[in-house]
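Take a look at the structure below.
The values are calculated or read from the model by the stated rules, or taken from the named source; none is laboratory data. In this text, all values refer to a predicted model and were calculated from it rather than measured experimentally. Backbone-built Cβ (ideal geometry, glycine too); neighbour counts: all protein chains shown.
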Amino acid sequence: MGETLVHATPRTLTEGDRALYTALYPTRFALYSSDPFARDCGLPENPLEDLIGFHVAFGKTVPDVSLNAVANLGYAECRFLAPVYPGDTLSTVSTVIGLKENSSGRTGIVWVRSVARNQAGEDVLTWVRWVMVRKRDADAPAPPATVPELADAVGAEELVLPDEAFSFQNYDFHLAGEPYRVDDYEVGEVIDHVDGVTVTEAEHMMATRLWQNTSKVHFNVEAREDGRRLIYGGHVISLARALSFNGLANAQAIAAINAGSHANPCFAGDTVYAWSEVLDKAELGVPGVGALRLRLVATKGRTDAPALRGGDGKYAANVLLDLDYWALVPT
Amino acid sequence: MGETLVHATPRTLTEGDRALYTALYPTRFALYSSDPFARDCGLPENPLEDLIGFHVAFGKTVPDVSLNAVANLGYAECRFLAPVYPGDTLSTVSTVIGLKENSSGRTGIVWVRSVARNQAGEDVLTWVRWVMVRKRDADAPAPPATVPELADAVGAEELVLPDEAFSFQNYDFHLAGEPYRVDDYEVGEVIDHVDGVTVTEAEHMMATRLWQNTSKVHFNVEAREDGRRLIYGGHVISLARALSFNGLANAQAIAAINAGSHANPCFAGDTVYAWSEVLDKAELGVPGVGALRLRLVATKGRTDAPALRGGDGKYAANVLLDLDYWALVPT
Amino acid sequence: MGETLVHATPRTLTEGDRALYTALYPTRFALYSSDPFARDCGLPENPLEDLIGFHVAFGKTVPDVSLNAVANLGYAECRFLAPVYPGDTLSTVSTVIGLKENSSGRTGIVWVRSVARNQAGEDVLTWVRWVMVRKRDADAPAPPATVPELADAVGAEELVLPDEAFSFQNYDFHLAGEPYRVDDYEVGEVIDHVDGVTVTEAEHMMATRLWQNTSKVHFNVEAREDGRRLIYGGHVISLARALSFNGLANAQAIAAINAGSHANPCFAGDTVYAWSEVLDKAELGVPGVGALRLRLVATKGRTDAPALRGGDGKYAANVLLDLDYWALVPT
């Protein structure tokens, strides 16, 4: 409890990472695609996609947190606190905030809160993960169980805007690609993002390396018994987020990720589609800027009737990702 | 007629796009590869390959012009009016300049003239496309037919140099890779570019996404009945142009594209070769700078005797691309 | 003898090349990944990976030296004399320093010393290669044989640091990822780098194009009788070097390459692993900076007992690369 882990390797992000992100995912959100558009939103220049920072910061923790974990159990309370601009360097530090032995006595659950900071020492991203790990010595007594209290979702009042000057007052809906504002969406509404992408081995490996994620199951056909490379969950997140442009073109910035489940594995050759459900709407006290809380679901293959779970309450077999997040949207 | 379409999403181009272009196509033209070489040609820095601007500007129009078109029929009068430098942002606007109902009454042809501008509002690229589309209501009366007059080719006197200071006076033929000047080529001469490239799925999808072209047939094996991903025509153009370095290393800049036909579809696994025919030569009134009008032909597999068309006047089965363009070449 | 070859095409390297390198190889060396880390080592900014400069400089010589060679026989005395920073432009010039006719009278060996310089005219990299080529006219008398004397290895005293201000005094071992210093390694020690990467066609072709290496066997399934694309040896070097992070995370900079053999061909689908042997250790007269001379071996598949050669003295069938180099390491 309380142990702090300084993760290697700090990573300077650049326009090269943006270009690769654009080549790997069909993203078209104007805030990240166009420098003048970002300036019109009050930013000093166009930031890198929020998920670039997320993947890099998250990837740093893999060797120390999850590389040898039995299972990745979940993440929560992920808040985006500052944009990442080309030239920024991210470093990540984690603190153990929870420990609990499983009933078997052989494994336990560890909760860590991680913070990614830029070269100026500003917090850029913070989140909590929990993983199941083996006990080093099954016979050793376990420390007292400490289970952290985690919010089901980041509250709208806790969302942080990218900049003090951030605003959608000069927002150009023609350039952004769709006319929809927060009020054009209804809670409970389901949006089919229509397009699908068939995934290749080269693409998911390039993406995963770019975030310096070293988990061997993503790169090595000899690492799993079935001889298949498991696609990094973050690749599916970015694919689904990019596909969501069709119908959510104005869901420009990710402000928080409340929860995420990688319901089924994804492999090269799968064709990934996405749909979203509007979970909540919020005002943010800044003129023109609101937020949508969205469930983003990636599926393998397309279904006419989007269904998250089967009658047994379990994720449907074609569901790859169930992501709950807040996006900033013009009001 | 006269309707104006403002296309989403503006796109800021960077050194990241240049690096990806170099990774995806075997390009070695010195003007775009070397900053000092470009400065020696009178430019403030080395611009991005002309086809990067072309693909991005063109890709912007896809959702509004051709995504649901029955057929892409052609393009013409494509003129390159200003270089694209890293940091420049391109936006594209189109105007409907022609309409004609087909005899079936169910479809018609639409001509649009598109202009891509940079963040300073300067025209960077302009071209005309025409596509066949379905009528929204087959029973509605068609507007009066208007067929725009289009030039067979951009006149040499209309070609625009990249900069007022542009010149080949300090041109280093050793660094450029070949000693040939305009006068070393003869009209009618055919140049075999020798090398071939076998195409992969990952590469053409990354290229096509980079230009934010969203046409699903390029990405999704479930989009076509044959389960194959159709390679974006622009990918074949860039491949062929890069291959043409062997024999045309000094055809540095593209000044205009007069016409282009994608004669047959290209798929992953195809090995693409190229040959060129010299169609015309021109002086441009600037010391040291001339132009070659070239037919650039991409083929699937290599043939000893380049043939564009069969005895029936149709494109030969192995011809993928027939592109007619003007390039700037030292005199 | 003495002939000088000015190679096309000069190449300006950028952050785009760094990002692609990171996407193509699982590299995590802090000196190249983090701008603040590089500044803490006394550099003005973080340089590009040394092998980027090596591949680009080397690729320039391919059309003039090895494209039509019968065999690449070896390289030696490769010294890294200055870092390559984003924006630098590399040009390469070669001089013939040795000639020797083979006993057949049909072929001969040519030695060339190449120098890559940046836009300021500073030497960045120098090396010697020798290749077997056909005589233009088998009946012509051969010039007198001249075989240059080449060192088995660059001497530690000849190693050049990246900058006058270069130092490991402020080195952060947590951020670098491992605690090991020069004295933690023993000559003769073998390090298993554990991870493996299964190679794809798209990745090796993108890498090879990025260095503007044009050798057709890497790109064209019609170029070899077996219909397979041979993976560029430099791709295997970069893969192995990146994999060596596990155990050699502090072997930050490459100062010299003493020798390299591409023992067996590598093809897409191969899973590449790596191990290293410590060949020598050196002090460099700069506080905190030492050097390790390392043998880096890439293998196809993993073996429990690393073996370079079989009982017959020949390379084992699973050995792809045997590279002898000097790396700068904290003392």
(message) I'd like to know if the stretch C:7-18 contains one or more residues that are farther than 30 Å from C:Lys100 by Cβ, within 14 Å of chain A (Cβ to nearest Cβ) and small (Gly, Ala, Ser).
(response) yes
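Just name the residue that is surrounded by the fewest Cβ atoms within 10 Å (Cβ to Cβ) out of those in the stretch A:174-183 that are more than 9 Å from chain B (Cβ to nearest Cβ) and assigned to a helix (DSSP H, G or I).
A:Asp183
Restricting attention to the stretch B:63-92, report how many residues are of a type in the set (Val, Ile, Thr), more than 15 Å from the chain's Cα centre (by Cα) and surrounded by 17 or more Cβ atoms within 10 Å (Cβ to Cβ).
Pass one, the stretch B:63-92, residues of a type in the set (Val, Ile, Thr): B:65, B:70, B:84, B:89, B:92.
Within this subset, residues satisfying the condition of being more than 15 Å from the chain's Cα centre (by Cα) are B:65, B:70, B:89, B:92.
From what's left, surrounded by 17 or more Cβ atoms within 10 Å (Cβ to Cβ): B:65, B:89, B:92.
The number of residues fulfilling the criteria is 3.
Scan the stretch C:107-151 residue by residue and report those that are more than 23 Å from the chain's Cα centre (by Cα), within 23 Å of C:Val62 (Cβ to Cβ) and free of Cβ contacts under 8 Å to residues at least 60 places away in the same chain. Give the derivation first.
We begin by selecting, within the stretch C:107-151, every residue more than 23 Å from the chain's Cα centre (by Cα); these are C:107-108, C:120, C:134-147.
So of that shortlist, the ones also within 23 Å of C:Val62 (Cβ to Cβ) come out as C:107-108, C:134-136.
The answer is C:Thr107, C:Gly108, C:Lys135, C:Arg136.
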(request) Give the stretch B:200-243 a look and list any residue that's hydrophobic (A, V, I, L, M, F, W, C), in contact with a His (Cβ under 9 Å, 6 or more places away or on another chain) and closer than 19 Å to B:Asn72 by Cα, or say none. (result) B:Trp211, B:Leu230, B:Ile231, B:Val236, B:Ile237
(request) Given the conditions (1) over 16 Å from the mean Cα position of the chain (by Cα); (2) within 14 Å of chain A (Cβ to nearest Cβ), report the number of the one that C:Ile52 does not fulfil. (result) (1)
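When only residues in the stretch C:114-167 that are among the basic types (Lys, Arg) and crowded, with 18+ Cβ neighbours inside 10 Å count, which is nearest to C:Asp324 (Cα to Cα)? Don't jump to the end; show me each part of the working.
So in the stretch C:114-167, the residues among the basic types (Lys, Arg) come out as C:117, C:129, C:134-136.
Filter again for crowded, with 18+ Cβ neighbours inside 10 Å, leaving C:117, C:129.
On the way: C:Arg117: 23, C:Arg129: 15 Å.
The extreme case among them is C:Arg129.
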(request) Quick one: in the stretch B:197-247, of everything that is farther than 21 Å from B:Leu48 by Cβ and among the basic types (Lys, Arg), which residue is surrounded by the most Cβ atoms within 10 Å (Cβ to Cβ)? (result) B:Arg229
(message) Can you tell me how many residues within the stretch A:68-109 are touching a strand residue (DSSP E or B) at 6+ places or on another chain (Cβ under 6 Å), within 19 Å of A:Ala142 (Cβ to Cβ) and at pLDDT below 90?
(response) 4
(request) Go through the stretch B:49-67 residue by residue and tally those that are of a type outside the set (Asp, Glu), more than 18 Å from C:Asp17 (Cα to Cα) and at pLDDT 95 or above. (result) 6
(message) Being modelled with pLDDT under 95, surrounded by fewer than 18 Cβ atoms within 10 Å (Cβ to Cβ) and either over 26 Å from A:Ala151 (Cβ atoms) or under 16 Å from the mean Cα position of the chain (by Cα) (or both): is that true of A:Gly285 here?
(response) no
(message) Taking the condition of being in contact with a helix residue (DSSP H, G or I) (Cβ under 6 Å, 6 or more places away or on another chain) and under 16 Å from A:His235 (Cα atoms), how many residues in the stretch A:268-284 meet it?
(response) 3
(message) Tell me yes or no: at least one residue of the stretch C:123-137 is touching a helix residue (DSSP H, G or I) at 6+ places or on another chain (Cβ under 9 Å) and at positive phi.
(response) no
(request) Could you please find all residues in the stretch A:142-173 being within 14 Å of another protein chain (Cβ to nearest Cβ) and outside any loop (DSSP other than H, G, I, E, B)? (result) A:Phe173
(request) Say whether the condition of being modelled with pLDDT under 95, touching a Gly at 6+ places or on another chain (Cβ under 8 Å) and among the small types (Gly, Ala, Ser) is met by at least one residue in the stretch B:22-41. (result) no
(message) If a residue must be under 22 Å from A:Thr22 (Cβ atoms) and in contact (Cβ under 8 Å) with a residue 60 or more places away in the chain, how many such residues does the stretch B:33-48 contain?
(response) 1
(message) List the residue pairs whose Cβ atoms are under 9 Å apart, where the first residue sits in the stretch C:181-204 and is in contact (Cβ under 8 Å) with a residue 12 or more places away in the chain, the second is assigned to a helix (DSSP H, G or I) and among the polar types (S, T, N, Q), and the two are 6 or more positions apart or on different chains.
(response) C:Ile191/C:Asn246; C:Asp192/C:Asn246; C:His193/C:Asn246; C:Val194/C:Asn246; C:Asp195/C:Asn246
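Across the stretch B:35-48, which residue is surrounded by the most Cβ atoms within 10 Å (Cβ to Cβ) among those that are within 7 Å of chain C (Cβ to nearest Cβ) and more than 22 Å from the chain's Cα centre (by Cα)?
B:Phe37
Do we have B:Asn250 as buried (at least 22 other Cβ atoms within 10 Å of the Cβ) and within 20 Å of the chain's Cα centre (by Cα) here? Don't jump to the end; show me each part of the working.
Details: buried (at least 22 other Cβ atoms within 10 Å of the Cβ): yes; within 20 Å of the chain's Cα centre (by Cα): yes.
So B:Asn250 passes the test.
Would you mind listing the helices (runs of 4 or more DSSP H) fully within the stretch C:192-255 where at least 3 residues are more than 14 Å from chain B (Cβ to nearest Cβ) and either of a type outside the set (Val, Ile, Thr) or over 30 Å from C:Asp280 (Cα atoms) (or both)?
Details: elements: C:201-210, C:233-243, C:245-248.
It comes to C:233-243, C:245-248.
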